[in-house]
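**Student:** The following block contains the structure, expressed as structure tokens.
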Amino acid sequence: MNCLECYAEIKVPADAIDGEIVTCNECGSSFELDISETGVLSLKPAESVGEDWGE
Ligand SMILES: [Zn+2]
């Protein structure tokens, strides 16, 4: 599992659940863990918390 921003390795906990937020230790980016029905893990960008998406 690699960071989508800086490609550093992100350690995903063995008990990670679908939708869990993981954070890259290198660049601090947060990603939402997506676990498919077949158990394949992937990351998708998490919507930034605290950022104003209004308007
Ligand atoms: Zn990163």
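Any read-out appearing in this document is the output of simple, stated calculations on the displayed coordinates, not a laboratory observation. Predicted model, so just to flag it, every value in this text is computed and none were measured. Cβ placement follows ideal geometry from the backbone for every residue including glycine, while neighbour counts extend to all protein chains displayed.
**Student:** For segment 22-44, which residues satisfy the criterion of being exposed (fewer than 15 other Cβ atoms within 10 Å of the Cβ) and in a loop (DSSP other than H, G, I, E, B)?
**Tutor:** N25, E26, C27, G28, S36, E37, T38, G39, V40 - these are the residues of segment 22-44 that are exposed (fewer than 15 other Cβ atoms within 10 Å of the Cβ) and in a loop (DSSP other than H, G, I, E, B).
**Student:** Right, next: List pairs: first residue in segment 5-25 and farther than 12 Å from K44 by Cα, second residue more than 13 Å from the ligand (Cβ to nearest atom) and assigned to a loop (DSSP other than H, G, I, E, B) anywhere in the structure, Cβ distance under 8 angstrom, at least six positions apart or on different chains.
**Tutor:** Short answer, once both residue conditions are applied: P13/E20.
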